[in-house]
Amino acid sequence: MSFSRKPRVEAGTTSAPADVFGYDAFFNHALDGLKGAGNYRHFARLERLPGQFPRALLHSDGAVREVTVWCSNDYLGMSQHPTVEAAMVEAGHTSGAGAGGTRNISGTHQVHAALEAELAALHRKDAALLFTSGYIANQGALATLASRLPNCIVLSDAKNHASMIAGLRQSGAEKLIFRHNDVAHLAELLAALPRERPKLIAVESVYSMDGTIADLRSIAALAKEYGALTYVDEVHAVGLYGVRGGGIIDALGLHDQIDIVQATLAKAFGVMGGYVAASAATIDFLRSFSAEFIFTTSLSPVLVAAALSSVRHVATATDLRIRHQTQVAKLKKALAAARIPVLATDTHIVPVIIGDAKRCKAVCDGLRDNHNIYVQPINFPTVPRGTERLRLTPSPLHTDAQIAALVTALTTELARHGVPQA
C-alpha cells in the first residue's frame, strides 16, 4: 500500500514540493489493523475513591457510575492507606511538588537517601538505587551491566518483561534465550560457555501474565557453578511474599545467593518508581554509568515520602499478606467450582483464558456494562495470540460478596459470548 499523497499548497505560495509520505494515513492504517484484530487499546477513565478500594467511578460517554476494579496492580490497596496519604501530603508541604533536578544536580533529598536505605535493608543488600519507574530500572540496569561488562553474554528467560528485553537490546550484548522456567535448558546453555566469560542470568521471580514462579534456588546454584551474575525482577512479588515482603527471594531465604534485585514502588507499595538493590560496588557502578539514572529528573519527594511510608508499613504487615492470600484462594476456589477456565497458578495472578481478542474485549465490555465490574482485556502483544485473557488480581480489600458477584457475572458473560467451560 502506498502512503504518498499530494501535498497541501498553502495560501500565498507559488509552488508545491514533490509528493511526500502520508504520515497520518500510515498511522491510521496501522491503527485500523489493531482495531480489526481486536487489539486496539481503549483506556477506561477511572476516578479512584479514597478509602473505598477496589471501588472506583468510571467516566464514560458523559455518564459516571461506580464499578468494582478487578485488574489493579495496587495489589494491597496501599495507594489509599492513610499513613501513605499522610506522608505524601506532609512532604508536599515541607519539600514542594518536585525534586528540582537530576539526582546529581540538586535532586537528591534526604528522603531519597532514606528510601534507598530502607529498600537495601528490605532485600538485605548493601545499597539500593531509585529510578523513575520499574521499566526504567530494568532498562537502565540491564543495558548498563550487559554493555559494560567485557564480552558479557546474557541468558534471559523467554517470557521476560518488555523492559528487560529493551535493556538487553539497548546493550548490544550477546544473549541466549532459554525456555520459560526450563532450568535444564539454562544449564545446557551455561555449560557450553567459557567459564571465564562474564555471564548474566536475567529472570523474573513472578511472571505477571501466567503467574508462574521462577526456580530461583536452582538458578542460583547454576550461577554459582558457572560463574554468572544473577538478576531477578521482583516487581510482581515484592511486598506480597516473604517474612517482610521482600519477595520470592525473601520467602526462599536466598538473599545472599541472588546478586541483583530489581523491583517497583508502583504495585504492592501503591506509589510510583522503581529501584535496584545489590552490592555497594554494583549500585555505585549503576549510579555512575546508567544514562537512565543520570540524565533524568529525580523522583518527586512527595512520591518518595509516600513510598517510604508504604515500604515501612508493608514490611511489618504480615496480616495484610495473609488476608491477601486468603482472598486469592477464595477466588480461585469459586472460579473452579463455576468451571471458569482459569490458568492454575501458585501466585496471586489469576488468569481467565478466553483465547480470542475480540471475544475477550466483548466479555470485558459485558462485565462493565451489565455488572459494573471493570476488568481490562489482555491481548497481543502482551500475551501471545490465541492466549488472550482476563487477568484478575484479588486484593485483601476485595470482599467475599465481591468475589461471589464476580464469579456470577463471569459465568453469565462467558456463556453469552460462547467461551467454553473448564
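If you check VAL243 against the conditions, is it outside any helix (DSSP H, G or I), among the β-branched types (Val, Ile, Thr) and open to solvent by 50 Å² or more (accessible area, probe 1.4 Å)? Show your work before the answer.
Working: outside any helix (DSSP H, G or I): yes; among the β-branched types (Val, Ile, Thr): yes; open to solvent by 50 Å² or more (accessible area, probe 1.4 Å): yes.
It is true that VAL243 is outside any helix (DSSP H, G or I), among the β-branched types (Val, Ile, Thr) and open to solvent by 50 Å² or more (accessible area, probe 1.4 Å).
Could you grab me the full set of residues in the stretch 377-422 that are closer than 13 Å to PRO54 by Cβ and not polar (S, T, N, Q)?
So the first thing to find is which residues in the stretch 377-422 are closer than 13 Å to PRO54 by Cβ, and the list is 392-399, 401-403, 405-406.
The answer is LEU392, PRO394, PRO396, LEU397, HIS398, ALA401, ILE403, ALA405, LEU406.
Check whether at least one residue in the stretch 399-421 is among the small types (Gly, Ala, Ser), crowded, with 19+ Cβ neighbours inside 10 Å, at pLDDT below 95 and outside any loop (DSSP other than H, G, I, E, B), and report yes or no. Can you show your working first?
At the first step, the residues of the stretch 399-421 found to be among the small types (Gly, Ala, Ser) are 401, 404-405, 409, 415, 418.
Going one step further and asking which of them are crowded, with 19+ Cβ neighbours inside 10 Å, we end up with 409.
The next check asks that each one be at pLDDT below 95; those that pass are none.
Looking through the stretch 399-421, none of the residues is among the small types (Gly, Ala, Ser), crowded, with 19+ Cβ neighbours inside 10 Å, at pLDDT below 95 and outside any loop (DSSP other than H, G, I, E, B).
Considering each of PRO82, PRO54 in turn, give the residue that is closer than 23 Å to PRO394 by Cβ, within 23 Å of the chain's Cα centre (by Cα) and either free of Cβ contacts under 8 Å to residues at least 60 places away in the same chain or surrounded by 12 or more Cβ atoms within 10 Å (Cβ to Cβ) (or both). Before you say what the answer is, go through the steps one by one.
Working: PRO82 fails: within 23 Å of the chain's Cα centre (by Cα).
Checking each option against the conditions leaves just PRO54.
Evaluate the following for HIS93: is it open to solvent by less than 50 Å² (accessible area, probe 1.4 Å) and either among the acidic types (Asp, Glu) or under 29 Å from ALA315 (Cβ atoms) (or both)?
Working: open to solvent by less than 50 Å² (accessible area, probe 1.4 Å): no; either among the acidic types (Asp, Glu) or under 29 Å from ALA315 (Cβ atoms) (or both): yes.
In short, no.
Suppose the filter is crowded, with 17+ Cβ neighbours inside 10 Å and either touching a Lys or Arg at 6+ places or on another chain (Cβ under 8 Å) or on the phi > 0 side of the Ramachandran plot (or both); does VAL235 pass it? Lay out the reasoning, then the answer.
Working: crowded, with 17+ Cβ neighbours inside 10 Å: yes; either touching a Lys or Arg at 6+ places or on another chain (Cβ under 8 Å) or on the phi > 0 side of the Ramachandran plot (or both): yes.
It is true that VAL235 is crowded, with 17+ Cβ neighbours inside 10 Å and either touching a Lys or Arg at 6+ places or on another chain (Cβ under 8 Å) or on the phi > 0 side of the Ramachandran plot (or both).
Restricting the first residue to the stretch 96-120 and requiring it to be more than 30 Å from GLY245 (Cα to Cα), which pairs with a second residue that is surrounded by 14 or more Cβ atoms within 10 Å (Cβ to Cβ) meet a Cβ separation below 7 Å and a spacing of at least six or different chains?
GLY100/GLY107; GLY101/GLY107; GLY101/THR297; GLY101/SER298; ASN104/ILE294; SER106/GLY100
What tally of residues in the stretch 121-150 results from selecting those that are in contact with a helix residue (DSSP H, G or I) (Cβ under 6 Å, 6 or more places away or on another chain) and free of Cβ contacts under 8 Å to residues at least 60 places away in the same chain?
So the answer is 2.
For the stretch 291-321, name all the residues that are among the aliphatic types (A, V, I, L, M) and outside any helix (DSSP H, G or I). Break it down into steps so the answer makes sense when it comes.
First, the residues of the stretch 291-321 that are among the aliphatic types (A, V, I, L, M): 291, 294, 299, 302-308, 311, 314-315, 317, 320.
Once the filter is applied, which keeps residues that are among the aliphatic types (A, V, I, L, M) and outside any helix (DSSP H, G or I), the stretch 291-321 yields LEU299, ALA317.
State whether the residues of the stretch 310-327 include one that is farther than 30 Å from ALA117 by Cβ and open to solvent by less than 10 Å² (accessible area, probe 1.4 Å).
Just the residues of the stretch 310-327 that are farther than 30 Å from ALA117 by Cβ, to begin with: 326-327.
Now restrict to residues that are open to solvent by less than 10 Å² (accessible area, probe 1.4 Å): 327.
Yes, the stretch 310-327 contains a residue that is farther than 30 Å from ALA117 by Cβ and open to solvent by less than 10 Å² (accessible area, probe 1.4 Å).
Does HIS112 satisfy being open to solvent by 10 Å² or more (accessible area, probe 1.4 Å) and assigned to a helix (DSSP H, G or I)?
No, not satisfied.
Among (1) of a type in the set (D, E, K, R); (2) touching a helix residue (DSSP H, G or I) at 6+ places or on another chain (Cβ under 6 Å); (3) not in a helix (DSSP H, G or I), there is one condition GLU118 misses while meeting the rest; what is its number?
Single failed check for GLU118: (3).
Tell me yes or no: at least one residue of the stretch 248-263 is under 24 Å from LEU176 (Cα atoms), open to solvent by less than 10 Å² (accessible area, probe 1.4 Å), among the small types (Gly, Ala, Ser) and more than 14 Å from the chain's Cα centre (by Cα).
no
Show the residue pairs meeting these rules: Cβ distance below 7 Å; 6+ apart or different chains; first residue within the stretch 207-231 and within 19 Å of GLY134 (Cβ to Cβ); second residue surrounded by fewer than 16 Cβ atoms within 10 Å (Cβ to Cβ) and among the charged types (D, E, K, R).
Correct list of pairs: ILE213/ASP346.
Please list, ordered by first then second residue, the pairs with beta carbon atoms under 8 Å, 6 or more apart or interchain, first in the stretch 323-340 and hydroxyl-bearing (Ser, Thr, Tyr), second not in a helix (DSSP H, G or I).
Hits for this filter: THR326/PRO396.
Which one of LYS159, LYS224 is within 30 Å of SER395 (Cβ to Cβ) and basic (Lys, Arg)? Let's see the steps before the verdict.
Working: LYS224 fails: within 30 Å of SER395 (Cβ to Cβ).
Of the residues listed, the single one that is within 30 Å of SER395 (Cβ to Cβ) and basic (Lys, Arg) is LYS159.
Quick one: in the stretch 201-215, of everything that is part of a loop (DSSP other than H, G, I, E, B) and of a type in the set (A, V, I, L, M, F, W, C), which residue is modelled with the highest pLDDT?
Quick first cut of the stretch 201-215, residues part of a loop (DSSP other than H, G, I, E, B) only: 205, 207-212, 214-215.
Keeping just the survivors that are of a type in the set (A, V, I, L, M, F, W, C) gives 209, 214.
Numbers: MET209: 94, ALA214: 98.
Per the stated criteria, the residue is ALA214.
Across the stretch 248-264, which residue is nearest to ARG323 (Cα to Cα) among those that are assigned to a loop (DSSP other than H, G, I, E, B) and in contact (Cβ under 8 Å) with a residue 60 or more places away in the chain?
Quick first cut of the stretch 248-264, residues assigned to a loop (DSSP other than H, G, I, E, B) only: 253-259.
Still in the running and in contact (Cβ under 8 Å) with a residue 60 or more places away in the chain: 255-256.
Details: HIS255: 25, ASP256: 29 Å.
If we take residues in the stretch 248-264 being assigned to a loop (DSSP other than H, G, I, E, B) and in contact (Cβ under 8 Å) with a residue 60 or more places away in the chain, then HIS255 is nearest to ARG323 (Cα to Cα).
Any residue at all in the stretch 184-195 that's under 30 Å from THR83 (Cβ atoms) and surrounded by 21 or more Cβ atoms within 10 Å (Cβ to Cβ)?
Step one: filter the stretch 184-195 for residues under 30 Å from THR83 (Cβ atoms), giving none.
The answer is no; no qualifying residue exists.
From the set of residues in the stretch 270-290 that are in a loop (DSSP other than H, G, I, E, B) and among the polar types (S, T, N, Q), which is least open to solvent (accessible area, probe 1.4 Å)? Quick ask: steps written out before the conclusion?
Going residue by residue through the stretch 270-290, those that are in a loop (DSSP other than H, G, I, E, B) are 270-273, 279, 290.
Those left that are additionally among the polar types (S, T, N, Q): 279, 290.
Working: SER279: 44, SER290: 0 Å².
The qualifying residue least open to solvent (accessible area, probe 1.4 Å) is SER290.
Only one of LYS224, LYS159 is surrounded by fewer than 24 Cβ atoms within 10 Å (Cβ to Cβ) and in contact with a Phe, Trp or Tyr (Cβ under 7 Å, 6 or more places away or on another chain). Can you tell me which?
Values: LYS224 fails: in contact with a Phe, Trp or Tyr (Cβ under 7 Å, 6 or more places away or on another chain).
Just a single option satisfies the conditions, and that option is LYS159.
Can you name the condition, by its number, that ALA202 falls short on among (1) more than 20 Å from GLY247 (Cβ to Cβ); (2) open to solvent by less than 10 Å² (accessible area, probe 1.4 Å); (3) touching a residue at least 40 places away in the same chain (Cβ under 8 Å)?
Among (1) more than 20 Å from GLY247 (Cβ to Cβ); (2) open to solvent by less than 10 Å² (accessible area, probe 1.4 Å); (3) touching a residue at least 40 places away in the same chain (Cβ under 8 Å), ALA202 violates only (1).
The values are calculated or read from the model by the stated rules, or taken from the named source; none is laboratory data. Worth saying up front: this structure is predicted, and the values here are computed from it rather than measured. Glycine also receives a Cβ, built like all others from the backbone with ideal geometry; neighbour counts cover every protein chain displayed. Accessible surface is based on the protein model in full, side chains and every heavy atom, while ligands, DNA and RNA are left aside. Shrake-Rupley method; radii C 1.70, N 1.55, O 1.52, S 1.80 Å.
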